[in-house]
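The values are calculated or read from the model by the stated rules, or taken from the named source; none is laboratory data. All figures in this text were calculated on a predicted structure; none of them were measured in a lab. Backbone-built Cβ (ideal geometry, glycine too); neighbour counts: all protein chains shown. For accessibility, only protein heavy atoms count, side chains too; no ligands or nucleic acids. Shrake-Rupley method; radii C 1.70, N 1.55, O 1.52, S 1.80 Å.
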Amino acid sequence: MAEHSESGGVSAVMEKISEKIQAHDSSSSSDYDSETDSEKPASVKAQIYRLFGREKPVHKVFGGGKPADVLLWRNKKISAGFLGGATAIWVLFELVEYHLLTLVCHVLILALAILFLWSNAHTFINKTPPRIPEVHLPEEPFLQVASALRIEINQGFAVLRNIASGRDLKKFLIVIAGLWVLSTVGTWCNFLTLFYISFVLLHTVPVLYEKYEDKVDPFAEKAMIEIKKQYLVFDAKVLSKIPKGPLKGKLA
């Protein structure tokens with residue numbers, strides 16, 4: 001009887017130990033599965049194609065400041081005000097065919113006439129005379145704008161020089177095609193209309209892309225793959241057969 005009870009106790013202890021081992025294995029496997037499941041979305045997310053190879057959100061791509069807020073309609077009143085002002089200017093100068101010098105002169109005539117009459121008639125209408133502020137344009141903002149423009153223009157000249165040197169045929173063809181398209185669009189409309197169209201596109205395309213980027217990026221990926229295929233065909237049939245002179249070796 002004693003041996004039977006001892007063997008029963010040992011078997012009970014062994015069963016408890018085996019149950020604990022199985023529970024530990026199941027918990028560790030579940031933890032591993034949860035870790036792999038949590039890692040899968042990150043890896044899948046890292047493989048998602050983004051337009052132009054961007055890694056930052058659209059707001060960060062545009063600088064993340066107030067201009068980005070305006071372009072992406074973070075403040076709808078300010079964005080609508082900019083777009084409405086640009087539309088009013090385009091309607092005045094393009095549809096109504098108003099001239100800039102005429103508009104400036106008319107605005108100044110109206111403002112001076114109102115201030116002059118108010119300054120002389122304040123005693124009759126029991127109003128305080130208008131306080132005309134002294135306007136002084138600061139020098140620093142103009143210097144900052146000029147410095148920024150100088151840097152951008154110098155970078156543009158450096159890019160043009162690099163393209164003209166003949167070192168990158170692909171970039172050369174892209175720039176030539178872009179300038180040709182721009183010149184063709186320039187024959188359809190004048191500079192003001194082209195500027196207004198660009199302004200409207202900047203205030204509509206980025207915000208629409210940010211809203212529907214998960215749908216746009218797959219189509220963009222397919223388009224880029226097809227463009228690369230066509231470029232490889234064009235390179236094999238045309239570009240590879242163009243003789244390259246000694247200029248590239250001298251410049252290198």
Subset of segment 156-191 (residues that are under 30 Å from Leu100 (Cβ atoms), at pLDDT 85 or above and open to solvent by less than 50 Å² (accessible area, probe 1.4 Å)):
Gly156, Gly178, Thr184
Determine which member of the set Leu103, Leu71 is within 38 Å of the chain's Cα centre (by Cα), touching a residue at least 12 places away in the same chain (Cβ under 8 Å) and open to solvent by less than 60 Å² (accessible area, probe 1.4 Å).
Leu71
Inspect all residues belonging to segment 158-165 and state whether any of them is under 30 Å from Asp235 (Cβ atoms) and either in contact (Cβ under 8 Å) with a residue 60 or more places away in the chain or not in a helix (DSSP H, G or I) (or both).
yes
If I go through segment 121-155 residue by residue, how many of them are open to solvent by 60 Å² or more (accessible area, probe 1.4 Å) and touching a residue at least 12 places away in the same chain (Cβ under 8 Å)?
1
So, Trp118, is that one out of contact with any Cys (no Cβ under 6 Å at 6 or more places or on another chain), touching a residue at least 24 places away in the same chain (Cβ under 8 Å) and either at negative phi or open to solvent by 50 Å² or more (accessible area, probe 1.4 Å) (or both) or not?
no
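With the requirement that a residue be open to solvent by 50 Å² or more (accessible area, probe 1.4 Å) and in a loop (DSSP other than H, G, I, E, B), what does segment 55-68 give you? Give the steps one after another, and end with the answer.
Within segment 55-68, the first condition is being open to solvent by 50 Å² or more (accessible area, probe 1.4 Å), and the residues that meet it are 55-57, 60-63, 66-67.
Matches in segment 55-68: Glu55, Lys56, Pro57, Phe62, Gly63.
I'm checking my understanding of the structure. Among residues of segment 101-157 that are part of a helix (DSSP H, G or I) and hydroxyl-bearing (Ser, Thr, Tyr), which one is nearest to Ile89 (Cα to Cα)?
Among residues in segment 101-157 that are part of a helix (DSSP H, G or I) and hydroxyl-bearing (Ser, Thr, Tyr), the one nearest to Ile89 (Cα to Cα) is Thr102.
For Val216, state whether it is of a type in the set (Val, Ile, Thr), within 29 Å of Gly64 (Cβ to Cβ) and part of a helix (DSSP H, G or I).
Values: of a type in the set (Val, Ile, Thr): yes; within 29 Å of Gly64 (Cβ to Cβ): yes; part of a helix (DSSP H, G or I): yes.
So Val216 passes the test.
Please state which one of Leu247, Leu239, Leu202 is surrounded by 10 or more Cβ atoms within 10 Å (Cβ to Cβ) and at pLDDT 85 or above. Outline the logic, then answer.
Values: Leu247 fails: at pLDDT 85 or above; Leu239 fails: at pLDDT 85 or above.
Residue meeting the stated conditions: Leu202.
Here are Ala80, Ala86: which of them is in a helix (DSSP H, G or I) and free of Cβ contacts under 8 Å to residues at least 40 places away in the same chain? Full working, then the answer.
On the way: Ala86 fails: free of Cβ contacts under 8 Å to residues at least 40 places away in the same chain.
Every option except Ala80 fails the conditions.
It is to be established whether one or more residues within segment 121-130 are modelled with pLDDT of 85 or more and of a type outside the set (D, E, K, R). Explain how you work it out, then say what you get.
In the first step, residues of segment 121-130 are kept if they are modelled with pLDDT of 85 or more; the result is none.
No: zero hits.
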